[in-house]
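The values are calculated or read from the model by the stated rules, or taken from the named source; none is laboratory data. What you see is a predicted model, and the numbers here were worked out from it, not measured in a lab. Cβ: placed from backbone, ideal geometry, glycine included. Neighbour counts: every protein chain shown. To get the accessible areas, we keep the full protein, side chains included, count just its heavy atoms, and leave off ligands, DNA and RNA. Shrake-Rupley method; radii C 1.70, N 1.55, O 1.52, S 1.80 Å.
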Amino acid sequence: PHLAALVLARGGSKGIPLKNIKLLAGVPLIGWVLRAAIDAGVFHSIWVSTDHDEIEKVAKQFGAQVHRRSPEVSQDSSTSLEAITEFLNHHHEVDIVGNIQATSPCLHPSDLIKVADLIQKEGFDSVFSVVRRHQFRWSEVKKGENKMTEPQNLNPAKRYRRQDWPGELYENGSFYFAKRHLIEKGYLQGGKMAYYEMRAEHSVDIDIDIDWPIAEQRVLSFGYFGKEPLKEVKLLVCSIDGCLTNGRIYVTEDHKEMVSYDYRDIVGIDLLKKRGIQVRLISDRDCSKTLSAMQLGCVAKVNVTNKLQVLKDWQEDMGLSWKEVAYLGNEESDVECLKQAGMSGVPADACAAAQKAAGYICKSTGGCGAVREFAEHIFLLLEKVNSARKQ
């Protein structure tokens, strides 16, 4: 049977505008679940249902197909079931839908693989995700009612210790898998049902975790970053024009060139060096005098016609794997380097091709703190590497 992953991502959002493609830890929110779905390898097709051009663009960048939903199922009042039903009406080849929530960025491929087995091999009609919580519930007393609250799942005289109580299962909204015949009857949950219990640290819902910085920390700690394990970065190669500088060249009356840079980026380079990470610079043009004036103390290669070849030479000379190399670029000439490096980033104003190839998109623009921001991102991922080693 044809198993399709379907992510519902309309453009309207009452809380955060275009939340589904807002950058979370340098990756569009929807990108986290699409990466997990693709790497799971269990779906015959992966779709994003949307009514917005920008969301369509991001979905295709991450390898998904796009179903343009109709205005009728794109309203604030539209339900997920209505959008899924419309999708099935246009895709008769699909037998099972795995509806994955875009707001669950800590979803891992291993979860999706196990759920696919439940519904394809064990014959369940619907499977949904839950998380175990240890929370004591009390009955609600409305204002003005002459009533007392009552315990719902505990005896106050004999309160459980957390370690002695298994807790309760709650839907966490990460995904709902269901067979076509069930959805056509108007159900996402029904027939022979099963739940799939996700690990608590993977159960992150942006609809609930409205504090974006906290959600970013959770994703950096527990998110899925790809099939290969992260390694400690030992080399950062940074494109000069448009990353270290803003790309503008000022020409004086006596034909001298001047560029500007942000002191925060210089601090970022110093911090990387102190952590034992080599920083090397690269440029398409001859900017030797500029580099000399900046006194960064970094190995640099200018007037380069093939950046990828230079990057390969440096990687081989240092005896590094690609997972140990990071690259910050911003132009089409950087695209192949961004694809090759184990960790890649671009400033916020990088060209579309570079943004598509990068793993991290900075909030800062080139020459305005992007290098420092990417350095901080590297440090956070290094903490993740070190944490994994300890475990």
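So how many residues does segment 176-199 have that are closer than 15 Å to residue 130 by Cβ and either open to solvent by 60 Å² or more (accessible area, probe 1.4 Å) or in contact with a Gly (Cβ under 7 Å, 6 or more places away or on another chain) (or both)?
Residues meeting the conditions: 6.
Looking at 35, 10, which is the one that is in a loop (DSSP other than H, G, I, E, B), open to solvent by 10 Å² or more (accessible area, probe 1.4 Å) and of a type in the set (D, E, K, R)?
10
Give the residue, chosen from 264, 248, that is in a loop (DSSP other than H, G, I, E, B) and out of contact with any His (no Cβ under 7 Å at 6 or more places or on another chain).
Matching residue, one of 264, 248: 248.
For residues that are over 23 Å from the mean Cα position of the chain (by Cα) and aromatic (Phe, Trp, Tyr), scanning just segment 224-262, find the one that is surrounded by the most Cβ atoms within 10 Å (Cβ to Cβ).
Checking each candidate, the answer is 261.
Residue by residue, here is whether (1) closer than 12 Å to residue 237 by Cβ; (2) hydroxyl-bearing (Ser, Thr, Tyr); (3) part of a strand (DSSP E or B) holds:
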residue	(1), (2), (3)
289	no, no, no
292	no, yes, no
312	yes, no, no
345	yes, no, yes
348	no, no, no
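Sort through 136, 128 and tell me the only one that's assigned to a strand (DSSP E or B) and open to solvent by 20 Å² or more (accessible area, probe 1.4 Å).
Among 136, 128, only 128 is assigned to a strand (DSSP E or B) and open to solvent by 20 Å² or more (accessible area, probe 1.4 Å).
Answer with yes or no whether residue 327 is of a type in the set (Phe, Trp, Tyr) and buried (at least 23 other Cβ atoms within 10 Å of the Cβ).
Spelling it out, residue 327 is indeed of a type in the set (Phe, Trp, Tyr) and buried (at least 23 other Cβ atoms within 10 Å of the Cβ).
Considering only segment 280-301, how many residues are among the hydroxyl-bearing types (Ser, Thr, Tyr) and either farther than 17 Å from residue 366 by Cβ or not assigned by the TED database to the domain that holds residue 332 (or both)?
2
Yes or no: segment 88-96 includes at least one residue that is under 27 Å from the mean Cα position of the chain (by Cα), assigned to a loop (DSSP other than H, G, I, E, B) and at positive phi.
No, that holds for no residue.
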